[in-house]
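Since the structure comes first, as structure tokens, the remarks are kept for the end.
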Amino acid sequence: MPTVSMKVNGVDVSGDVEARTLLVQFLRETLDMTGTHVGCDTSQCGACCVLMNGDSVKSCSVLAVQAEGAEITTIEGLANGDELHPMQDAFRQNHGLQCGFCTPGMVISAIDLVSKNPKPTEKEVREWLEGNLCRCTGYHNIVKAIQAGAQAMGG
Amino acid sequence: MTDTGIGAAVRRKEDHRFLTGRGTYTDDINRPGQTYAHILRSPHAHARIKSIDVSAAAKASGVVAVFTGADMAADGVGGLPCGWQIHSKDGSPMAEPAHPPLVTDKVCHVGDQVAVIIAESRTQAKDAAEKINVDYEELPAVIDMTAAIKDGSPLTHDDVAANICYDWHLGEKEPVDEGFAKAKHVAKIDIVNNRLIANAIEPRVAIGDYDPSSGEYTLYTTSQNPHVIRLLMGAFVLQIPEHKLRVVAPDVGGGFGSKIYHYAEEAILTWAAGKVKRPIKWTAERSESFISDCHGRDHVTHAELALDGDGKFLALRVSTLANMGAYLSTFAPCIPTYLHGTLLAGVYTTPAIYVEVKAVFTNTVPVDAYRGAGRPEASYLLERLVDRAAREMGLDPADIRRKNFIPADAFPYQTPVALQYDSGDYTATFDAAIKIADVDGFAARKAAAGKAGKLRGLGYSTYVEACGIAPSAVAGALGARAGLYESAEVRVHPTGSVTVFAGSHSHGQGHETTFAQLVSDSLGIPFENVDVVHGDTGKVQFGMGTYGSRSLAVGGEAIMKALGKVIDKATKIAAHVLETSEADIEFKDGQFTVAGTDKSMAFGDVALTAYVPHNFPHETLEPGLDESAFYDPANFTFPAGCHICEVEVDPETGVVEVIDFTAVDDVGRVINPMIVEGQVQGGVAQGIGQALLEECVYDESGQLVTGSYMDYTMPRASNLPNITVANETTLCAHNSLGVKGCGEVGAIGSPPAVINAVVDALSDFGVTDIAMPATPEKVWRAIQSAQAAG
């Protein structure tokens, strides 16, 4: 079994994995970091999004061994102690989540968007979310939250 | 109003854990020594199992056990029960075919459960499944409902003639015939309410656990109603008494109806955990969800409306075929009957209504409630028919509705189809929606769109629905095999903080926040001092769960009733301490005061005294402050409203864009407007999805064509508009809060508004009908054939 090492939320981690182990399985099952979710098996829903070297990736579509040496940020790594990341807080203030299952992927994806486009328009947010499904909110408040989060992040 | 009390847009308690990855969904739970299950499912829609050879799988690497239906049957495991019994016109009970958790001799749909493989890892279980050899004898499958009821059709179940589960009716035929006899105009419509898949983003998960030392079973499951699962599975399937069976439904990632039902996997995992004496986890893959989660809708309807010369409705006649799928799911039989037939008066004074429903078995996944459940089917056929009548008679679709509304002063209003609406003001919601949607400016917007080569249309929907799915007496008379009330416990701790144990289950609705608002408001204590516990039969006394928009109207009322008992008891304690009579105590803003004096006690001091009862007269005053209540309402609640949709159609491509959507709903008193708005927006998104995007498609052999997110069109952010939500309120007349329910209004009101708007946009071409979902292809073809017809 190959050994894989990476930095997750600033902490060096490693583990023995089957070659076919997905990054999301490594996070959830080997590291017991269950904040990242799996909602589908065709890389459509985006619940499993994490930042890999600063870009959002669907961790169900990346093998753990492909993340060797990478810097991974998951939903668990965003808040500063009890203080929410501005994007997390914007989701809370704007009721951008209901059941919470798609939320980790939405927040990670939103942070990636803002890093590339600090002041996204509503249309740009909606198009960016092509790869993230939510069944609860109708996206209305997610879009509002992301625009508010972008502003709070200094965009 | 305080900033955390009733009516305040309080930010949600549950959000911090969800936003930081600290939620606990079922798949996040792992038990010591846990094994993993894989369910081998049927690849055929209909086949006899001649033999199953599991010997190679049982010897495969990491495999702990393999079980088939024969093993469960040998152990006396029962079939999955149906919670509702409908009787046919002739008085005979519905056909109720056996529904084994693992099949024994025959598979009845693609995805039917054939065997379970339990292994040390998920992948080992899945790999071993490939070593099971099932010898199938394929049988002819029946997929289409219309074909299923014809003579000579293959039978889904050998003992169910013509695949008919029941042939039900409601209303009186004679007055309806009289109405049609004197009609000046009859509008007719044939419509299909498309089959949908709920697709909560969290797939279903179950963990079975067994403790040999105590003989206790625990099931962790993605359920909307853990106590109902405990009852159904314990009493009917596995014969485990309640005190030896705990069901936990922790954070659940959306349900929309699909997580109400008692599913086979729950029984398989719980039973198998007892066999292997180790915990077992099963997590559905999404493609597995598509072929094992109950589907929704799937009605084929013919309806006729009789009108007088002024457009007044005289009579309505409806005939529906409703797909049950291969087996009866928990609530399935009541959806097309008591949640559909009874709603056909809508918001109108139609004096005579007759509805017939044939429920049909097919070799497809079972069909049950999906957000709205029966009521979207009713509102869709009615609102499409009303628009068609208006168009055919040259009447304005707004005017024809106004003319037929039940007037605000006519409540309580008895409909001809069993329901008595308690309150409402349909003109008020209609007027508000027309104003917000700027209907007056539509003509100018249509003209401008026309100049840009686009077809603009506006559609109305005015709907009413029945919520709460209670009272027990009514539900029982209608065929429910369970009581439908709710239960709550309010436990006041010695320092005055409160834990509420709620029978309702939150899977996105924000109960932890809304219920805490009720407590904070009633007891005058800080919102932060209240926590809500739900979803665990080991903690919560009882519950009927969350569906039918019942959590606040039934569950919230149970909390209010328990709070009333807490205040009564606290008043007694305060009267004792303040040396006065109970009648002289006034309770306001968290203070118990002797009327007309400055002698008072804070709620927290009363709570402390309750637990430190040094001088209580114990013969008349018990220590402690912890009260529970069961609430069974007097009637359903009746949310209603008006949705207005404005679309633009590109005639070159057939693409429909929803430009604006306005929902004005009367959901009764609003406890948290932020949460209500979110609920309506989510429901509307699912309704727009049904109208424009979503459709579950089977091919003739019973293979699911739309079996993944790549094939089934889920609404994405770019498909949807901003959704404007407003409320016009009349209070529910029979509960203390005046609340009605808001979870389903969006999905019930929106589909006809969208389709009426599309038909309106295409009406210049002479198009009068478009089927859901109105995909670009369908719209483009409708335009082409209308143009060809000239």
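The values are calculated or read from the model by the stated rules, or taken from the named source; none is laboratory data. Quantities reported herein were computed from a predicted structural model and do not represent experimental measurements. Neighbour counts run over all protein chains shown; Cβ positions are idealised from the backbone, glycine included. Surface areas here come from the heavy atoms of the whole protein model, side chains and all, with no ligands, DNA or RNA. Shrake-Rupley method; radii C 1.70, N 1.55, O 1.52, S 1.80 Å.
Miscellaneous remarks
- Identity of the residue in segment B:713-722, within 19 Å of A:Cys45 (Cβ to Cβ) and facing chain A (nearest Cβ under 10 Å), that ends up surrounded by the fewest Cβ atoms within 10 Å (Cβ to Cβ): B:Ser718
- Long-range neighbours under 9 Å by Cβ, at least six apart or interchain, first residue within 14 Å of chain A (Cβ to nearest Cβ) and touching a residue at least 24 places away in the same chain (Cβ under 8 Å) within segment B:191-204, second among the polar types (S, T, N, Q) and surrounded by fewer than 22 Cβ atoms within 10 Å (Cβ to Cβ): B:Ile197/B:Thr706; B:Pro203/B:Thr283; B:Arg204/B:Thr283
- Each residue in segment B:661-682 was checked for being more than 8 Å from chain A (Cβ to nearest Cβ), part of a helix (DSSP H, G or I) and open to solvent by less than 10 Å² (accessible area, probe 1.4 Å), and 1 pass.
- First in segment A:90-107 and more than 7 Å from chain B (Cβ to nearest Cβ) and more than 21 Å from B:Met714 (Cα to Cα), second anywhere and at pLDDT 95 or above and open to solvent by less than 10 Å² (accessible area, probe 1.4 Å), Cβ under 6 Å, 6 or more apart: A:Ala90/A:Ala145; A:Ala90/A:Gly149; A:Asn94/A:Asn141; A:Asn94/A:Ala145
- Candidate set from segment B:773-790 (those that are charged (D, E, K, R) and within 15 Å of B:Glu694 (Cβ to Cβ)); member that is farthest from the chain's Cα centre (by Cα): B:Glu777
- Some residue of segment A:9-17 being in a loop (DSSP other than H, G, I, E, B) and within 12 Å of chain B (Cβ to nearest Cβ): yes
- Residue count, segment B:61-109 (criterion: among the basic types (Lys, Arg) and under 12 Å from B:Ala264 (Cβ atoms)): 0
- Test set (1) outside any helix (DSSP H, G or I); (2) open to solvent by less than 10 Å² (accessible area, probe 1.4 Å) - B:Gly743 fails condition number: (2)
- Scanning segment B:110-127 for residues that are closer than 18 Å to B:Ile268 by Cα and part of a loop (DSSP other than H, G, I, E, B) turns up B:Gly111, B:Asp112, B:Glu120, B:Ser121.
- Within segment B:164-216, the set of residues being under 25 Å from B:Ser289 (Cβ atoms) and open to solvent by 50 Å² or more (accessible area, probe 1.4 Å) comprises just one member, B:Val192.
- Reported count of residues in segment B:1-39, each being open to solvent by less than 40 Å² (accessible area, probe 1.4 Å), part of a loop (DSSP other than H, G, I, E, B) and either at pLDDT below 95 or not hydrophobic (A, V, I, L, M, F, W, C) (or both), is 9.
- Considering segment B:273-360, the qualifying strands (runs of 3 or more DSSP E), each wholly inside and each with 3 or more residues that are more than 14 Å from chain A (Cβ to nearest Cβ) and open to solvent by 10 Å² or more (accessible area, probe 1.4 Å), run over B:299-307, B:313-325.
- In segment A:26-39, the qualifying residues are those that are within 9 Å of chain B (Cβ to nearest Cβ) and under 15 Å from the mean Cα position of the chain (by Cα), and the one that is farthest from B:Arg204 (Cα to Cα) is A:Met33.
- Some residue of segment A:51-74 being facing chain B (nearest Cβ under 7 Å) and either on the phi > 0 side of the Ramachandran plot or not in a helix (DSSP H, G or I) (or both): yes
- Filter result for B:Gly325 (touching a Cys at 6+ places or on another chain (Cβ under 9 Å) and either at pLDDT below 95 or not aliphatic (A, V, I, L, M) (or both)): yes
- Residue-level analysis places B:Asp699 among those that are more than 9 Å from chain A (Cβ to nearest Cβ), open to solvent by 10 Å² or more (accessible area, probe 1.4 Å) and acidic (Asp, Glu).
- Members of segment A:108-133 found to be more than 7 Å from chain B (Cβ to nearest Cβ) and part of a loop (DSSP other than H, G, I, E, B), listed by number: A:Asn117, A:Pro118, A:Lys119, A:Pro120, A:Thr121, A:Asn132
- Meeting the requirement of 1 or more residues that are among the aliphatic types (A, V, I, L, M) and within 30 Å of B:Ile659 (Cβ to Cβ), the helices (runs of 4 or more DSSP H) wholly within segment B:430-538 are B:442-451.
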